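Worksheet: one structure, shown below.
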Amino acid sequence: VLTNPWRKLTSTAVLLVIFAIVRYGFVVGDLPAQFAVGAQALAAATMTIVYPPGVVFAVGGGLAMLNTMAVQQGVAFFVTLLATTGVISFSLREVRNRGKIVLVGLAAAGLASMTTIAVAWIDDQPWRHALGLAAWAGGSTLLAGFIVEGVLPGIERLFRLSTGMTLLEWCDANKPLMRMMAAEAPGTYNHSLLVGALAESAAEAIGGSGLLARCGAYYHD
């Protein structure tokens, strides 16, 4: 839950500037253009944790256009970036476990590789060269997934939000406060569990975050 929308916007702007600097590094460092697919995936995954999928896809489209122009590629490369953004933004919705980030990264990496090979085939490039480009695109995208998984706690602190994974940790009955409540106030503990179940069902019925409601109900007393 975010308490300050200006902090959210400022943090997003800072991240986009960082991604722009990284993109500029591809041009200066003479890295393969397909490495920019990983940077696009990293930006999309980071924004998906903070914003709704539609917003991420729209912003990702603009970022894909800038990336395409920065590495001096054509429409086909833009489509590759946009497809990668779409897979990540609409698949990585609620993060309840770290394995989901890796699975989405694998799916995006596979799509990036196949799209790169298809583009190379259309351009009539040698297969060895096409496979090399596909490896760069897929490898950098997969690397972006592992990076997001590693820096996820930092993203939560930066934007002051809680992902589903963090909320599940707080719902763990082995949390010290939960264990203390169960031992010293068993009536309150059982009452909180019941309220949590009711709140989760009610929130999901109206399209809200059931997990957030359950976590809040556990600690409401």
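The values are calculated or read from the model by the stated rules, or taken from the named source; none is laboratory data. Computed from a predicted model, the values in this text were never measured in an experiment. Cβ atoms come from the backbone with ideal geometry, glycine included; neighbour counts cover every protein chain shown. Only protein heavy atoms, including side chains, enter the accessible area calculation; ligands, DNA and RNA are left aside. Shrake-Rupley method; radii C 1.70, N 1.55, O 1.52, S 1.80 Å.
Couple of notes before you dig in:
- V148, sole failed condition from (1) among the aliphatic types (A, V, I, L, M); (2) under 30 Å from L42 (Cβ atoms); (3) not in a helix (DSSP H, G or I): (3)
- Candidate set: region 182-195, residues that are surrounded by 14 or more Cβ atoms within 10 Å (Cβ to Cβ) and in contact (Cβ under 8 Å) with a residue 24 or more places away in the chain; chosen: the one farthest from the chain's Cα centre (by Cα): H191
- Answer residue from region 63-79, given it is more than 23 Å from T48 (Cα to Cα) and β-branched (V, I, T) and is most open to solvent (accessible area, probe 1.4 Å) among those: V75
- Residues being within 15 Å of Q40 (Cα to Cα), part of a helix (DSSP H, G or I) and of a type outside the set (V, I, T) - total across region 91-109: 5
- Residue among G164, G150, G207 that alone is surrounded by fewer than 13 Cβ atoms within 10 Å (Cβ to Cβ) and at pLDDT below 85: G150
- Here A173, A144, A205 are screened, and the one residue that is hydrophobic (A, V, I, L, M, F, W, C) and touching a residue at least 40 places away in the same chain (Cβ under 8 Å) is A144.
- Pairing each residue of region 45-58 that is in contact (Cβ under 8 Å) with a residue 12 or more places away in the chain and in a helix (DSSP H, G or I) with any residue that is open to solvent by less than 20 Å² (accessible area, probe 1.4 Å) and basic (K, R), provided the two are 6+ apart or on different chains, yields no C-beta distance under 6 Å.
- The residues of region 125-138 that are outside any loop (DSSP other than H, G, I, E, B), farther than 9 Å from V37 by Cα and open to solvent by 40 Å² or more (accessible area, probe 1.4 Å), listed by number, are W127, R128, H129, L131, A135.
- Identity of the residue in region 70-85, in a helix (DSSP H, G or I) and farther than 13 Å from T141 by Cβ, that ends up modelled with the lowest pLDDT: A70
- Of the numbered criteria (1) modelled with pLDDT of 85 or more; (2) of a type in the set (A, V, I, L, M, F, W, C); (3) open to solvent by less than 20 Å² (accessible area, probe 1.4 Å), the one V59 fails is (3).
- In region 172-181, of all residues being part of a helix (DSSP H, G or I) and open to solvent by 40 Å² or more (accessible area, probe 1.4 Å), the one that is farthest from R93 (Cα to Cα) corresponds to M180.
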